[in-house]
Amino acid sequence: MSAKIPVSILGATGTVGQKFVRLLADHPWFEIAALAASETSAGRRYGEVVRWRETSPLPDSVAAMTVARAEPPLPGRIAFSAIEAELAGQIEQAFARAGVFVVTNTRTHRMEPDVPLLIPEVNPDHLTLLSRQQGARGWSGGIVANPNCSTAGLVLAMAPLHRTFGVERLFVATMQAVSGAGYPGVAALDVLGNVLPYIAGEEEKVEAETRKILGTLAGTELTPAGITTSAHTNRVPVVDGHFEVVSVGLRRKASPEEAMLALEAFRGPPEVAALPSSPARPVEVDRRPDRPQPRLDLDRGQGMTVTVGRVRPCNLLDLRLVLLSHNTIRGAAGAALQNAELLVKRGFVK
Ligand code: NAP
């Protein structure tokens with residue numbers, strides 16, 4: 001690819017927006033052409049309005065950019081969306097109508113039947129839904145979503161088991177990092193030394209999104225996977241990294257060793273494996289009894305690898321395990337980048 005493809009970031013000042021800025025700073029295919037945020041930030045220099053929370057320095061060239069309003073036209077045919085969900089609906093649709101491919105982190109359009117809810121290693125075929133979307137909505141752009149941050153890790157770990165043995169039932173309890181609530185997010189006085197046993201809407205998202213992503217497509221009609229999930233979602237005082245404990249009921253029984261081999265063998269299709277944001281291994285199994293841990297294992301595969309551990313028999317269902325995924329990379333900005341790369345690879349954007 002000779003010249004880089006210009007892209008915009010909507011909600012560029014937020015937690016996920018900043019992660020986009022960092023990941024796009026040296027992306028081989030894309031370059032940041034516009035940064036957009038709310039009316040309060042628009043018209044001011046990005047460096048002035050952003051409360052930069054990333055550990056690598058904000059590039060001077062990005063700091064000097066003037067923040068735009070989140071409305072078309074903005075440069076480029078790809079817009080990454082990390083806008084507050086309540087406001088994202090109309091903004092994302094306006095860009096799609098203007099011929100832009102909106103690659104979104106927000107929940108707003110995820111469950112709509114013509115919107116691909118994509119994890120490229122798992123369901124790249126669901127991109128076919130874009131043709132249905134463009135036909136039904138009469139726009140030349142499109143909306144492609146990545147899943148909620150706790151769903152992303154769960155589905156990546158369940159996809160190999162579902163393909164090999166058939167997943168029928170899931171129990172999942174999450175321990176979710178505070179960065180998942182955005183910035184400033186949860187008050188320190190609420191979460192330090194504490195566990196918050198409620199994240200609004202999260203359990204419903206995990207249950208429904210899992211069925212959609214693992215669902216099967218006939219033409220442009222999607223049948224959700226017949227998986228019954230019971231999700232318990234909790235906020236814990238960890239900065240980054242969603243940790244989940246899972247029990248899984250399988251159609252065809254499997255030993256822990258067979259399950260680990262299926263997880264270790266899992267790879268995306270070659271066109272996905274070759275994308276710049278794809279890790280060498282989407283899922284790794286750590287066989288040490290006290291791993292994975294957020295502080296030690298989060299950055300595997302540049303934050304795009306999900307680490308599974310403690311695979312063992314379960315007294316309630318068939319197997320139980322733990323998993324760790326990076327909520328703002330695999331669960332947000334990194335996932336969206338990988339989705340946009342697939343759009344380019346498939347020729348939607350040149
Ligand atoms: P955040 O830190 O609160 O940032 C929100 C962003 O939205 C800011 O850039 C803000 O700009 C912008 N914004 C607010 N009102 C706007 C408007 N009217 N027009 C345009 N932009 C507006 O939130 P976040 O955690 O980054 O999350 C962003 C989205 O990604 C949410 O929908 C969230 O559910 C989703 N998500 C988050 C995570 C995660 O781990 N954090 C994971 C997956 C999905 P100003 O600075 O100008 O107010």
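Derivation of every value follows stated rules applied to the coordinates shown; laboratory data play no part. A quick note: this is a predicted structure, and the numbers were derived from the prediction, not measured. Neighbour counts run over all protein chains shown; Cβ positions are idealised from the backbone, glycine included.
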**Q.** For the chain, calculated [θ]222 nm from helices alone, where every DSSP H run of n ≥ 4 adds -39500 (n - 2.57)
**A.** -8000 deg cm²/dmol
Q. Relative to the longest principal Cα axis of the chain, at what angle does helix 15-24 sit, 0 to 90 degrees, rounded to 10?
A. 80 degrees
Q.
Compute and list, largest first, the equivalent-ellipsoid semi-axes of segment 76-228 from the alpha carbon gyration tensor, each √(5λ) rounded to a whole angstrom.
A. 27, 23, 11
Q) So how tilted is helix 202-213 from the main axis of the chain? Cα-based, degrees 0 to 90, rounded to 10. A) 90 degrees
Q: Give me the number: length gained by fully extending ALA280 to GLU86, i.e. 0.36 nm times residue separation minus the C-alpha to C-alpha distance, one decimal in nm.
A: 66.3 nm
(Q) For the ranges 138-151, 336-349, what's the packing order if you count other beta-carbon atoms within 10 Å of each residue, average per peptide, and put the highest first? (A) 138-151, 336-349
Q. Can you tell which of VAL308, LEU87, GLY43 lies farthest toward the positive end of the dipole of the chain, using +1 and -1 charges on the Cβ of basic and acidic side chains (Lys, Arg; Asp, Glu)?
A. VAL308
**Q.** Fewest-first ranking of ARG300, ARG251, using other Cβ atoms within 10 Å as the exposure measure
**A.** ARG251, ARG300
Q: For segment 149-325, give the magnitude of the charge dipole about the Cα centre (Cβ charges: +1 Lys/Arg, -1 Asp/Glu; no others), in debye to the nearest 20.
A: 440 debye
Q: Of the DSSP beta bridges with both residues in segment 149-325, give the percent that are antiparallel, rounding to the nearest 5.
A: 65 percent
Q: Could you work out how far the C-alpha centroid of segment 299-334 sits from that of segment 1-46, in angstrom?
A: 28 Å
Q | Dipole in debye (nearest 20) - the chain, about Cα centre, beta carbon charges: Lys, Arg +1; Asp, Glu -1 | A | 400 debye
(Q) Quick check: residue separation of THR220 and GLU48 times 0.36 nm, minus the Cα distance between them. What number comes out in nm? (A) 57.4 nm
Q: Could you check the simple spin-label distance between ARG251 and VAL239, using points 7 Å along Cα→Cβ, in nm with one decimal?
A: 4.4 nm
Q. Where does segment 149-325 land on Rg(C-alpha)/(2.2 N^0.38 Å)?
A. 1.02
Q | Counted charge near ARG281, where neighbours are those whose Cβ lies closer than 15 Å (Asp, Glu -1; Lys, Arg +1) | A | -2
Q | Candidate lysines for bridging to LYS212, where Cα separation is under 25 Å - those fewer than 8 sequence places away on the same chain excluded | A | LYS253, LYS345
(Q) As I understand it, the dipole of segment 95-184 uses +1 on the Cβ of Lys and Arg and -1 on the Cβ of Asp and Glu, about the Cα centre. Which of ASN146, PRO116, VAL102 lies farthest toward its positive end? (A) VAL102
Q: Could you state the angle between the C-alpha long axis of helix 149-165 and the longest principal axis of the C-alpha atoms of the chain, as a value from 0 to 90 degrees rounded to the nearest 10?
A: 50 degrees
(Q) Let me check against my output: what whole-number percent is the relative contact order of the chain, with C-alpha pairs under 8 Å and at least 6 apart? (A) 17 percent
Q | Distance (nanometres) between label positions extended 7 Å along Cα→Cβ at ALA63 and HIS232 | A | 4.6 nm
Q: Find how much the distance from LYS345 to ASP125 grows on full extension, using 0.36 nm per residue of separation minus their present alpha carbon separation; answer in nm with one decimal.
A: 77.9 nm
**Q.** Summed residue charge, Cβ within 13 Å of ASP290's Cβ, Lys/Arg positive, Asp/Glu negative
**A.** +3
